[in-house]
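Engineer: Submitted below is the structure of interest, expressed as structure tokens.
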Amino acid sequence: METYLVSCTSVESNKHKKALLKLLREEPVIAFDTETTGLKLYSVDVPIGVGIYFPKADEGYYIIDVISGLAFLVSCLQNLKTRIVIGHNIAFDILAIRTLCRKKKIPCDFFVDVVDTMIFAKLIDNNTKTLSLNDISELFGFATRYQKEMSEWLFMNGYGDKHVVSAAPIELQKNYCIEDCVLTYKIYERFCK
């Protein structure tokens, strides 16, 4: 199985923000993922982190604390209007951010061209039992180090099989999210061949 580990920067300083914005302006295709407190976006759950992978630069950036950094995140996303944005179930990620923006009364007009690898998988094999990123990654022979680490951490800390990424340490959240972005991009590449 192929493993893909990339450099990942937590966006915590102006220097990191400038580097992220520069890559957003330069790269034509990016992979994108959010981590949330849960799946109930219209009521209590919110995004806690956003991962962006830049394939040409082979770098990942993780925006921590989306709630307090929402204005910066929206400015980043507005740079994506002329980019191809790849995600796995990306409608959920977009909904998470737009819902938070509505709650905080921040305008959020972003995303023009999106590609959803979950829809690709369904179109290619309508009999697919599961469309999870993990299962599709394994189908293509991609190893998932941080997905396994996250599952083990959640189990060892009493969460069982509940997917409560927000409970995990920030470093694990960041690596997990960026790995999802990289795998999503690699799956997109395979679908395009």
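Engineer: Can you bin the stretch 34-193 into rounded, prolate or oblate? Criterion: square roots of the alpha carbon gyration tensor eigenvalues sorted a ≥ b ≥ c, rounded for a/c under 1.5, prolate for a/b above b/c, oblate for the rest. Let's see the in-between values first.
Structural biologist: Values: a/c = 1.55, a/b = 1.11, b/c = 1.40.
It comes out oblate by the Cα gyration axes.
Engineer: Now a separate question. Heavy atoms only, probe 1.4 angstrom, no DNA, RNA or ligands counted: give me 6, 114, 66 ranked by accessible area, highest first. Walk me through the numbers on the way to the answer.
Structural biologist: Numbers: 6 35, 114 65, 66 0 Å².
My answer, sorted largest first, is 114, 6, 66.
Engineer: State the extension gain, in nm to one decimal, for the chain segment bounded by residue 119 and residue 145, taking 0.36 nm per residue of separation less the distance between their alpha-carbons.
Structural biologist: Details: separation 26, 0.36 × 26 = 9.36 nm, distance 2.39 nm.
Extending this stretch completely gives an extra 7.0 nm.
Engineer: Give me the one-decimal nm value for the distance between modelled label points at residue 193 and residue 92, 7 Å along each residue's Cα-to-Cβ direction.
Structural biologist: 2.7
Engineer: Looking at 54, 71, 34, which one has the Cα that reaches farthest to the positive end of the dipole of the chain (charges on Cβ: Lys, Arg +1; Asp, Glu -1)?
Structural biologist: Value: 71.
Engineer: Right, another one. Calculate the dipole size of the stretch 1-150 relative to its Cα centre from +1 charges on Lys and Arg beta carbons and -1 charges on Asp and Glu beta carbons; express the result in debye to the nearest 20. Show your work: numbers first, answer last.
Structural biologist: Details: 18 positive and 18 negative charges, 140 e Å.
The calculated dipole for the stretch 1-150 is roughly 680 debye.
Engineer: Could you tell me whether the stretch 98-193 comes out rounded, prolate or oblate from its Cα gyration tensor? Rule is a ≥ b ≥ c as square roots of the eigenvalues, rounded for a/c under 1.5, then prolate if a/b exceeds b/c, otherwise oblate.
Structural biologist: Details: a/c = 1.90, a/b = 1.04, b/c = 1.83.
Since a/c reaches 1.5 but b/c is at least a/b, the shape of the stretch 98-193 is classed as oblate.
Engineer: Follow-up. Solvent-accessible area of residue 104, probe 1.4 Å, all protein chains present, reported in Å² to the nearest ten, please.
Structural biologist: My reading of the accessible area for residue 104 is about 110 Å².
The values are calculated or read from the model by the stated rules, or taken from the named source; none is laboratory data. Values in this document were obtained by computation on a predicted structure and should not be read as measured data. Reconstructed Cβ throughout: ideal geometry from the backbone, glycine too, with neighbour counts over all protein chains shown. Just the protein is used for accessible areas: all its heavy atoms, side chains included, with ligands, DNA and RNA removed. Shrake-Rupley method; radii C 1.70, N 1.55, O 1.52, S 1.80 Å.
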